[in-house]
Structures are given as C-alpha cells and as structure tokens.
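All remarks here apply to the structure that follows.
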Amino acid sequence: KYAIVAHGAILLIDGKIDEQWVLETRKLISKKLPEIHENDILYDVRYVDDFFIFGKSNDIFKAVKYLQTFIDNKDFIACSVQNKFYVRPKKLKKGTAMERLKNRINEKFVICAGDSFLDISMLEIADIAISPKNIELKNKNHQILCEECFSTEMLRIAAKSIEECKIKAKLDIA
C-alpha cells in the first residue's frame, strides 16, 4: 500500500503520489540544492524533483571528495553507491520518512527492505529488516538476511514475515 521513494521525499499510496507528504517534505528541507554541473569527474547529473541530486562518475571517490569541497556540509551530504553519487539534504533520510509514515498512519509494526547503506536509517527503525548480508545493522535481532535484495527470495521472505506477523497478531488477540 505504501512506498517511500526519493530518499523519503515522496510517499506513494497505492502507486499515487501523496501531495500533502510532498508539501511537508518541502517544509522540512527548506534549503535550495547547490548547483552541480557535469565536468570531467561528474556525468549524467540529474536533479530529482528538487529534492536531491543524482549522477555518475568513473572515479566515485574523487567525485564525492570534489562535491564535499563546495556543498554546504552543514545542511547537505554527498555520498555514493557504486558509481553513483548523491547530494541530498541531511534532513532527507529514509529513516526520518519511516518515522513520519509510522506517526501518520499510527502504525507500530513495520517491515522494511533495503539494499544499500542509504537504507540503514530506515532498516534500523523497522521491526523486521530484510537486507542482503553486506548491510550491517546495530540491532541484528530483527534483521533477516538474504542473498540478493529485491529478488524472488527477498519477496518470499517478506511475504512469509508478513504472514507470521498476521498469525501472531491473531494469537495475541485471542
């Protein structure tokens, strides 16, 4: 039913953008994104709905170091996953978005899946976190590891976890 996308900037409900969520996100991250242009280090630079910047580099470590020299490090963070870089407001995190969603729908129990360090803040909040083995969480008791993220295996694990939670909820009520 719910999908948090764009580092938490956008909430989809049944596949449709929740405009109220977007307005709240814009208030949360009031600072304007820095101007970043393609050069010999950065290419395929894209601004995603004025929420964050995404691009690629053949030398990602050099790219992130370069970005850190001119962004406002108090309000923005430059990071990378594989050959992709991101510049996003520090307040824009998937964990913050998950807290917002839990409060909004008054949900106490959530299952989350993620496949990179960008998902860790969200996975830490989850009651059940499904991730590949390379993701290190502080609370490993609620982490379910799988070989590949967003694979058939992960979907099977998520479905099984949801069913187990439904059964436990019925037993707790009875």
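Nothing in this text is a laboratory measurement; each read-out follows from the coordinates by a stated rule. Keep in mind the model is a prediction, meaning the values are calculated, not measured. Positions of Cβ are generated from backbone atoms using ideal geometry, with glycine treated the same way; all protein chains shown enter the neighbour counts.
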Difference of contour (0.36 nm per residue) and Cα-Cα distance, Q68 to A159 = 28.7 nm
Using only Cα atoms, find the angle between the long axis of helix 60-70 and the longest principal axis of the chain, and express it within 0 to 90 degrees, rounded to the nearest 10.
-> 70 degrees
Which values, in whole Å and largest first, are the semi-axes of the equivalent ellipsoid of region 43-136 obtained as the square root of 5 times each eigenvalue of the Cα gyration tensor?
-> 27, 16, 11
From the C-alpha gyration tensor of region 1-100, pull out the three semi-axes of the equivalent ellipsoid (sqrt of 5λ each), sorted largest to smallest, in whole Å.
-> 26, 14, 11
Would you mind checking the tilt of helix 152-173 against the longest principal axis of the Cα atoms of the chain, expressed as 0 to 90 degrees and rounded to 10?
-> 50 degrees
Once you put a point 7 Å from the Cα of K140 and another 7 Å from the Cα of K102, both along the Cβ direction, what distance in nm separates them?
-> 2.2 nm
Longest to shortest principal axis, alpha-carbon extents of the chain, angstrom = 62, 36, 27
So how tilted is helix 94-105 from the main axis of the chain? Cα-based, degrees 0 to 90, rounded to 10.
-> 50 degrees
Under a 10 Å cutoff between Cα atoms, tell me which one of I105, I120, I36 has the largest fluctuation in the Gaussian network model of the chain.
-> I105
Which value, in nm² and rounded to one decimal, describes the direction-averaged projected area of the C-alpha convex hull of region 95-153?
-> 4.0 nm²
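Once you've got the Cα coordinates, tell me which of K27/K91; K16/K160; K32/K91; K32/K62; K27/K90; K1/K108 are over 18 Å apart. Present the calculation step by step, with values, prior to reporting the outcome.
On the way: K27/K91 11 Å; K16/K160 26 Å; K32/K91 13 Å; K32/K62 24 Å; K27/K90 14 Å; K1/K108 16 Å.
Table pairs above 18 Å Cα-Cα are K16/K160; K32/K62.
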With springs only between Cα atoms under 10 Å apart, run a GNM on the chain and tell me which of A113, A159, A97 wobbles the most.
-> A159
